[in-house]
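This report concerns only the one structure given below.
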Amino acid sequence: MAASDFWNEQEKSQPVVARLKSLKTLIKPFAELLTDVTDLELMLEMGAEDVEIAAEVPAVVVRLTERLEELETKALLNAPYDLCGAIITINARDGGTDANDWAAMLLRMYTLWAKANDYEIELIDEQANEEAGINSASFVVRGAMAYGYLKGESGTHRLVRISPFNAEGKRQTSFASVDVTPEIDDSINVEIRDADVREDTFRASGAGGQHVNKTSSAIRLTHAPSGVVVQCQNERSQHKNRALAWKMLRAKLIQIEEDKREAAMASKYKNMAKVGFGSQIRSYFLHPDQRVKDTRTGYSVGNFHQVLDGDLQGFFEAFLRWRVATGG
């Protein structure tokens, strides 16, 4: 970063700056904790002669222990792409309009978590449902270790509640799928043959009237060998949508290879729990009682609305520790 030409090319300099910021989130609190431990040792010596100082020691130990546990959790984010941003795609699945509404609720949940933790969010694509909610949405979360925290969210999320779209007030189970891939920069080489990719252009959907896009600026890419399909329509510029779509395609192909690596590790440790995209990973209950339970880790929260308002850190940490314990 001290090089005279470092800032000349923003596309190359920004990933370096982002990586430095991610590393500082580990190094700075670790250095501060070491200093505080030294201060605690001095406090213990003084407490041997001063009752008032000794009385303060237990509270200090509790605070330092909590900070140590936070650092231990961050230390688990050591996979190849954990420092990267995250590209998240949400799709409504079974459950009719309730599933569309549920997909929109999940989009709000991740958005609130990201904002509360000072992450940057960029919406890439959103397909609204005519009646309520969304059919799908894709967005990027950028910040320190975003992918490391969010990668465990890939899978099927199940909602059980009294349906607001059912006049008879019956209980409805609906599903939405979440797919999380790392946002990679150009320094990571992914070989994609142009002949393997079909590009389609179409008009971006909008609210109607003056907001309708009059040109075919939206881009859809289909990678024939893998069957991966990505699309981007959020930008008015076809060039920007194309660049974002290619970034998403590269990220998904990398994720496929990462899933293969994790599957091999899981097989080695005889871990039969399916972690990948398509598995039911978490259930959210509003009826008959309020709770949210992760089916992999067993971690549970008794406040549905607290979780939907973005309080997800407990689930993230439980997943990271579960992976270590199971060898996954």
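The numbers here are math on the coordinates, done by the rules we state, and not lab data. Since the structure is predicted, the reported quantities are computational estimates derived from the model, not experimental observations. With ideal geometry, Cβ positions are generated from the backbone for all residues, glycine too; neighbour counts draw on all protein chains shown.
General observations
- Summing +1 for each Lys or Arg and -1 for each Asp or Glu among the other residues whose beta-carbon sits under 9 angstrom from that of residue 174 gives 0.
- The calculated 222 nm mean residue ellipticity attributable to helices in the chain amounts to -14500 deg cm²/dmol, summing -39500 (n - 2.57) over DSSP H runs of n ≥ 4 and dividing by all residues.
- Calculated Cα extents along the principal axes in Å (choose from (i) 51, 46, 40; (ii) 49, 40, 38; (iii) 78, 65, 48), label: (iii)
- Folded to 0 to 90 degrees: helix 10-47 orientation relative to the chain principal axis, Cα: 20
- Nearest 10 degrees, 0 to 90: helix 51-75 Cα axis against the chain principal axis: 30
- Placing unit charges on the Cβ atoms only, positive for Lys and Arg and negative for Asp and Glu, gives the stretch 85-326 a dipole magnitude near 540 debye about its Cα centre.
- Share, in percent, of DSSP beta bridges within the chain that are antiparallel, nearest 5: 90
- The long axis of helix 313-326 is offset from the longest Cα principal axis of the chain by roughly 80 degrees.
- Across 90, 256, 184, mean-square fluctuation computed from a Gaussian network of the chain (C-alpha pairs under 10 Å connected) peaks at 256.
- Simple spin-label estimate for residue 117 and residue 260 in nanometres, 7 Å along Cα-Cβ: 2.9
- Taking the average, over residues, of other Cβ atoms within 10 Å as the packing measure, peptides 123-132, 148-157, 307-316, 57-66 rank 148-157, 307-316, 123-132, 57-66 from highest down.
- Fully extending the segment from residue 39 to residue 240 would add 67.1 nm, taking 0.36 nm per residue of separation and subtracting the current Cα-Cα distance.
- Calculated FRET value between residue 10 and residue 222, using beta carbons and R₀ = 35 Å, to 0.05: 0.70
- Gain in span if fully extended, residue 17 to residue 321, counting 0.36 nm per residue against the direct Cα distance: 106.6 nm
- Fully extended contour minus Cα-Cα distance, from residue 60 to residue 75, at 0.36 nm per residue: 3.1 nm
- Structure note, pairs 24/260; 28/252; 115/247: Cα-Cα distances above 26 angstrom occur for 24/260; 28/252.
- Cα-based convex hull volume of the stretch 6-75 per residue, rounded to whole Å³: 92
- Straight-distance candidates among the aspartates and glutamates for linking to residue 240, with alpha-carbon spacing under 15 Å and chain neighbours fewer than 8 residues away dropped: 11, 122, 125, 199, 200.
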